[in-house]
Amino acid sequence: MTTRHWLIKFAPFRTSWEQIVARGTFTPRGIRSPEARKHLRAMRLGDPVLFYRSQQDQAVVGLLEVTREAYPDPTSADPQWLTCDFAPAASFPSPVSLETIKATQALSDLPLVRRPRLSVMPLSATAFTILQTLAQA
């Protein structure tokens, strides 16, 4: 089975990267986009997921790993809405800002650039590698 690569956006006033690292786990709640739900459903154990801090200082700040596949979001009475569990795998020494992402030609087709309101999105292996490389600079 091929590894899939993902990016998840979350507002730091709801759950910060630092809180995720301290807790050792992350379970996003309240994702209500049908497209994001489709992506959550497609995630598999061990898939790598980039964590994008949205709304304030917009940047990719760390790496997560899927530790529990999609299940009903406990914040909704409607079982169609899903969540997954993640574990932090690495904090990036150099967060990759949205400005840098937009200025990188190879990332111009990134869903983060084309569909900025989408909270969970797939990434190509190439885009994932480029973002990780930029985060190490």
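The values are calculated or read from the model by the stated rules, or taken from the named source; none is laboratory data. Here the structure is a predicted model, which means the values were calculated and not measured. In this analysis, Cβ positions are derived from the backbone assuming ideal geometry, glycine residues included, and neighbour counts consider all displayed protein chains.
Couple of notes before you dig in:
- Unmet criterion (only one of (1) among the aliphatic types (A, V, I, L, M); (2) crowded, with 18+ Cβ neighbours inside 10 Å; (3) in a helix (DSSP H, G or I)) for Ala106: (2)
- Any hit, segment 19-31, residues being modelled with pLDDT under 95, over 22 Å from Leu131 (Cα atoms) and in contact with a Leu (Cβ under 8 Å, 6 or more places away or on another chain): yes
- Close contacts from segment 37-55, counting a first residue that is over 14 Å from Thr27 (Cα atoms) and a second that is surrounded by 21 or more Cβ atoms within 10 Å (Cβ to Cβ) and among the charged types (D, E, K, R), with Cβ to Cβ under 6 Å and a gap of 6+ residues or different chains, come to Tyr52/Lys9; Ser54/Lys9.
- Residue match in segment 67-83 (condition: part of a helix (DSSP H, G or I) and either touching a Pro at 6+ places or on another chain (Cβ under 7 Å) or among the charged types (D, E, K, R) (or both)): no
- Residue, modelled with the lowest pLDDT, within segment 4-18, restricted to residues that are in contact with a helix residue (DSSP H, G or I) (Cβ under 8 Å, 6 or more places away or on another chain) and either assigned to a strand (DSSP E or B) or small (Gly, Ala, Ser) (or both): Lys9
- Matching residues, segment 1-20, being surrounded by 15 or more Cβ atoms within 10 Å (Cβ to Cβ) and of a type in the set (A, V, I, L, M): Leu7, Ile8, Ile20
- Matching residues, segment 23-51, being in contact with a Pro (Cβ under 9 Å, 6 or more places away or on another chain), part of a helix (DSSP H, G or I) and of a type in the set (A, V, I, L, M, F, W, C): Leu40, Ala42
- Applying the criterion of being touching a residue at least 24 places away in the same chain (Cβ under 8 Å) and surrounded by fewer than 18 Cβ atoms within 10 Å (Cβ to Cβ) to the residues of segment 119-137, the residue that is farthest from Arg32 (Cα to Cα) is Ala137.
- Taken over segment 67-107, the criterion of being small (Gly, Ala, Ser) and in contact with a helix residue (DSSP H, G or I) (Cβ under 8 Å, 6 or more places away or on another chain) is satisfied by Ala70, Ser91, Ser94, Ala106.
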